[in-house]
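Below is one structure, written out as C-alpha cells; comments come after it.
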Amino acid sequence: MVDSCRGSNRRTRREALTFLSLLAGAACVPRSLSDETPLLPPTPPGLRSVYDWEMLFLGNWDDEHRMSFLPMSTSLDSAQFYTLAYGIDGNTAMYRATGKVQYLDRALLYVTHLVNSARDSWSLPDSQFKDTYRGWASENPDTPGQEVALNESYCWRYVSRLLRVIRETPALYEGKYRGQYHRLLEFSEKDIFEKWYVRGANSYVYRANTHMASHWAAIAMNLHLITPDANRRAWYLEVFNNINRSLPNVDSSLRAQVVTSPVNAGAAFWNDRWGSHSRPGQDVAHGNGVVGFIIEARDAGMEWTDDDVRALTVTLDSVIWPAADQYAQYVDGSGEGDGWFNDGFMKLGRYDAELQHRLDFHPVGNNTQFFGNAALNVRLLSEAAAR
C-alpha cells in the first residue's frame, strides 16, 4: 500500500495551498468583530497585533470555509482530510489567540462532520482491513478505496490538539461543549489511535520517517494529557517516549535524529531517514510537521525544551530563511524552497519577537492557518512580555 508524505499526497497539499493562497486577497467585511480584541496584554512594539491578524483571518475565513474546508469535511474521502487539517489548526489557533468561540465552533464543525461520516471498515468495499473499526476510504488515485493511516494521523494531530483546548479550558469543558468533547475523544481513542496501533504499530504508528512518526507522537501526547483512562494514559506515554527516545522497529528516534547543524553551530539539523545524518537532511516542507510537534511538546513540558526551540529558531531564521525571498529546500540551507512555513516553522515566532516581525511581511502561504497561528504567536509573546 502507498502511504507516505511524498507523491500524490504532497501534490494534493501544494495544490490546496496554492488555492488557499489565492484566497488571501479576497475581500470580506468582518462580522461580529469588536473594535478591540478583549483581555489581551499590550502587543510588543513593532508587531502586528492579534486584532490585526484577526482582520486578515476574517478576510479569508468564509471563502475558505465555503470553497474548501466545509466540502472536505463532508467528502467521505480521507485524502481530503490532509488539507482539512490546516483549517482545523487555523481556527483552533485563532480561538486560542482571541478566546472567541466562533472559531472553536468552526473547527468543531469540521471534526464533527468527519466523525459522523466514518463507516465500519467491513462496509468499505475496497478496504484492506475489513474489521470493526470505523474510518474512511481514500479517493486518491494512488490508494483508491483504501484506508490510509497518513491521511488520518495528519489531520488528527490537530483534532487531538483541539480536544486538549476544550479539556484544559474550564469554561468550555464545564459548559455546553462537554458532551461533544467526550464523543470526539471516544472516537479519537478507539477509531484513530487504537485502530492503527492494533492494525500494526510498526507499520502505521512507528512510521518510516521522522515527519510521519511525529504526527503520532503529537496524537499520543495530546491523548495522554486528556484521557481519563489510566491504562490508556500509560499506553499513550509509552508510544510518545518510544518515538522520541527508542523506536521499537529501527535503531533511532526523533531525539537521535536531531543534532547540531553542520553549517551553523547554533542551529538544529536532522535527516528524515532513521539512522542517517547525511546532508541535505529533511526537506523543509515535511520538516514543518516535526517542528510543529516539538513546539507543542515543549509548551506541554514534555521531552523537548527551550534549548531545542532556540536551535530550531536559528535553523529557520539563519539557515532556511537567511534573507527575504530566499528560502532553502532542506534544513542544511541548500536547494530552493517555496517558503511555506505554516504547518510548523512559523510557530517558532511565539518565542522570538524578531522572527515574528519577519513573519509580519512574509508573502507565502497567507491563508487562515498562517493568520491564525500568527495571531497566536503574538498572543503568547504579549503574555510573556507582560509577566
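Just so it is clear, none of the values below were taken in a lab; they were calculated from the coordinates. Quick caveat: nothing in here was measured; it's all calculated off a predicted structure. All Cβ positions, glycine included, derive from the backbone under ideal geometry; neighbour counts span all protein chains shown.
Two numbers describe the Cα atoms of the chain: Rg and Dmax, which are 19.7, 58 Å. Ordering Val159, Met67, Gln356 by the projection of their Cα atoms onto the charge dipole of the chain, which places +1 on the Cβ of Lys and Arg and -1 on the Cβ of Asp and Glu, puts Val159 at the extreme positive end.
Compute the FRET efficiency between Arg178 and Asp229 as 1/(1 + (r/R0)^6), taking r as their Cβ-Cβ distance and R0 = 22 Å, and round to the nearest 0.05. The partial results should precede the final answer.
Numbers: r = 17 Å, r/R0 = 0.77.
Efficiency at R0 = 22 Å is approximately 0.85.
With q set to 0.31, 0.35 Å⁻¹, the log10 of I(q)/I(0) for the stretch 348-387, from the Debye formula over equal scatterers at the Cα positions, is -1.08, -1.22. Rounded to the nearest 20, the size of the Cβ-charge dipole of the chain about its Cα centre is 600 debye, with Lys and Arg at +1 and Asp and Glu at -1. Each residue, Lys130 and Ala171, gets one label point 7 Å from its Cα in the Cβ direction; the gap between the two is 5.2 nm. For the stretch 46-184, the alpha carbon positions stretch 53, 33, 23 Å along the principal axes, listed from largest to smallest.
So what is the relative contact order for the chain, in percent, with contacts set as C-alpha pairs under 8 Å and at least six apart? Don't skip to the end; give the middle numbers.
Working: 629 pairs, mean separation 78.5, N = 387.
Value for the chain: 20 percent.
Here the Kirkwood formula, the inverse mean of 1/r across different C-alpha pairs, assigns the stretch 266-340 a hydrodynamic radius of 12.5 Å. By the equivalent-ellipsoid construction on the alpha carbon gyration tensor, the stretch 216-292 comes out with semi-axes of 28, 13, 10 Å, ordered largest to smallest. Database remark: amide H of Tyr330 closer than 5 angstrom to the amide H of Val284 (H placed geometrically; neighbours at sequence offset of 5 or more, or on other chains; Pro and chain starts carry no H). Can you count the Lys pairs in the chain with C-alpha separation below 25 Å, eight or more apart or on different chains? Qualifying lysine pairs in the chain: 5. For the stretch 287-387, the Cβ-based charge dipole about the Cα centre amounts to some 300 debye (Lys, Arg positive; Asp, Glu negative; other atoms uncharged).
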